[in-house]
1. Report the label-to-label distance for residue 98 and residue 127 in nanometres (one decimal), using points 7 Å from each Cα along the Cα→Cβ vector.
2. Compute the length gained on full extension between residue 50 and residue 90: take 0.36 nm times their separation in residues and subtract their Cα-Cα distance, giving the result in nm to one decimal.
3. When the Karplus curve 6.51 cos²θ - 1.76 cosθ + 1.60 is applied with θ = phi - 60°, which whole-Hz ³J(HN,Hα) does each residue of region 40-49 get, with x for Gly and Pro?
4. Ignoring ligands, DNA and RNA, what accessible area per residue does region 39-194 give at 1.4 Å, in Å²?
5. What's the local net charge at residue 55, with K and R +1, D and E -1, over the other residues with C-beta under 14 Å away?
6. Taking 7 Å along the Cα-to-C-beta vector as the label spot, tell me the residue 180-residue 35 distance in nanometres, rounded to one decimal.
7. Given the options 85, 107, 140, identify the residue whose Cα lies farthest towards the positive end of the charge dipole of region 37-194 (+1 on Cβ of Lys, Arg; -1 on Cβ of Asp, Glu).
8. What full-extension length gain, to one decimal in nm, is calculated for residue 189 and residue 141 as 0.36 nm per residue of separation minus the Cα-Cα distance?
Amino acid sequence: MKAAIFLITPWISACASLSTAPDITDCENISNTEEKTIFILSADKICDTKLSLTPDGHYVFSVESISDDWADGDRHDALRRPSLSESGWTASQLPWYLRGVIIAQPFRRCSDGRWFEIIGEVLDSSDTSIKYRLGEGMSNKKVLHYKGTANNRLILYANDLNSRYHNNFGKMTISVQQVRNNAMKNRPQVLVCK
């Protein structure tokens with residue numbers, strides 16, 4: 001089934017696992033005022049955007065569209081799950097008999113992020129990374145201020161347990177734009193995952 005999806009929608013192939021340290025040479029920088037569109041599949045552990053963030057750059061992310069089947073968990077659970085958006089969901093939104101999921105919260109890829117929140121991770125060539133809670137930031141019109149020391153690759157994913165991506169459904173289209181630093185001085189910042 002997954003192979004058929006790749007044939008129907010060629011842009012999906014950009015979303016794949018990075019098995020080695022990222023090679024920044026095939027990434028594109030986002031210049032001021034230029035907007036780029038990124039497609040995310042909720043079932044992919046890593047969506048490589050092929051974009052690099054510039055040191056001291058300020059970026060604004062926004063959701064263009066979310067498919068109707070955007071769901072965390074088995075399809076038959078969809079009626080019991082909270083409505084989903086880029087900012088994800090919390091255990092308190094579930095019926096009381098499903099709240100046992102609280103036990104697994106510390107094991108999410110961004111433990112202080114919400115379930116299924118869109119996470120942006122900036123990878124450098126030494127296999128270290130900084131994770132940003134983009135979903136929460138998009139909902140509240142916050143800006144990501146990348147304070148790294150070099151251009152580094154941006155990957156995106158829905159926050160989940162590493163072992164539970166197989167039961168996720170749907171896709172989301174996100175736009176990212178670098179904005180001038182002086183326009184962003186007083187804007188709230190996107191939260192960094194601990």
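The values are calculated or read from the model by the stated rules, or taken from the named source; none is laboratory data. Source: prediction; values computed, not measured. Cβ atoms come from the backbone with ideal geometry, glycine included; neighbour counts cover every protein chain shown. The accessibility values were calculated without ligands, DNA or RNA, using every heavy atom of the protein model including side chains. Shrake-Rupley method; radii C 1.70, N 1.55, O 1.52, S 1.80 Å.
1. It works out to 3.7 nm between the two label points.
2. 11.4 nm
3. 10, 9, 5, 7, 8, 5, 9, 10, 6, 6
4. Each residue of region 39-194 exposes 47 Å² on average to a 1.4 Å probe.
5. Details: positive: 147, 153; negative: 56, 124.
It works out to a net charge of 0.
6. 1.8
7. Positive-end residue among those listed: 140.
8. Numbers: separation 48, 0.36 × 48 = 17.28 nm, distance 0.90 nm.
Value of the extension gain: 16.4 nm.
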